[in-house]
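The values are calculated or read from the model by the stated rules, or taken from the named source; none is laboratory data. Predicted model, so just to flag it, every value in this text is computed and none were measured. Because the Cβ atoms are built from the backbone with ideal geometry, glycine has one as well, and the counts that use them run over all protein chains shown.
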Amino acid sequence: MVSAGMPVIVRTGGYGMMMSSGCASCHGYDGLGRSMMMFTTPNITYANLTDPSGMLDPDGSRGPTFTDDLIRRAVTQGLDVDGLGHGVGHGGA
């Protein structure tokens with residue numbers, strides 16, 4: 001859910017391994033991210049995604065700041081803040 005309390009409809013599966021069992025399979029049930037065999041997933045909590053300083057990435061760098069609309073788009077369409085479909089949401093690769 002986003003801050004307004006509106007549910008986000010997620011379509012999973014059909015994209016290989018990514019998102020076959022939802023966001024928590026990679027980012028953890030708490031959304032704090034975790035170390036996987038080949039990579040470390042970022043913290044996807046609302047506080048981190050919407051941090052005005054930019055999202056804190058696993059390597060300590062700062063990424064973009066997400067809005068509620070960008071979070072919804074990432075989850076439902078698999079697009080990052082630049083509109084590219086790689087590595088996020090149901091369309092991750």
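Quick notes
Residues are listed down the side, and each one gets a yes or a no for (1) at pLDDT below 55; (2) of a type in the set (Ser, Thr, Tyr); (3) in contact with a strand residue (DSSP E or B) (Cβ under 8 Å, 6 or more places away or on another chain); (4) more than 13 Å from Ile71 (Cβ to Cβ):
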{"site": "Met1", "(1), (2), (3), (4)": "yes, no, no, no"}
{"site": "Met6", "(1), (2), (3), (4)": "no, no, no, no"}
{"site": "Val10", "(1), (2), (3), (4)": "yes, no, no, no"}
{"site": "Gly22", "(1), (2), (3), (4)": "no, no, no, yes"}
{"site": "Ser25", "(1), (2), (3), (4)": "no, yes, no, yes"}
{"site": "Tyr29", "(1), (2), (3), (4)": "no, yes, no, yes"}
{"site": "Ser35", "(1), (2), (3), (4)": "no, yes, no, yes"}
{"site": "Phe39", "(1), (2), (3), (4)": "no, no, no, yes"}
{"site": "Ala47", "(1), (2), (3), (4)": "no, no, no, no"}
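- Selection count, the range 26-49, where residues are part of a loop (DSSP other than H, G, I, E, B) and touching a residue at least 24 places away in the same chain (Cβ under 8 Å): 1
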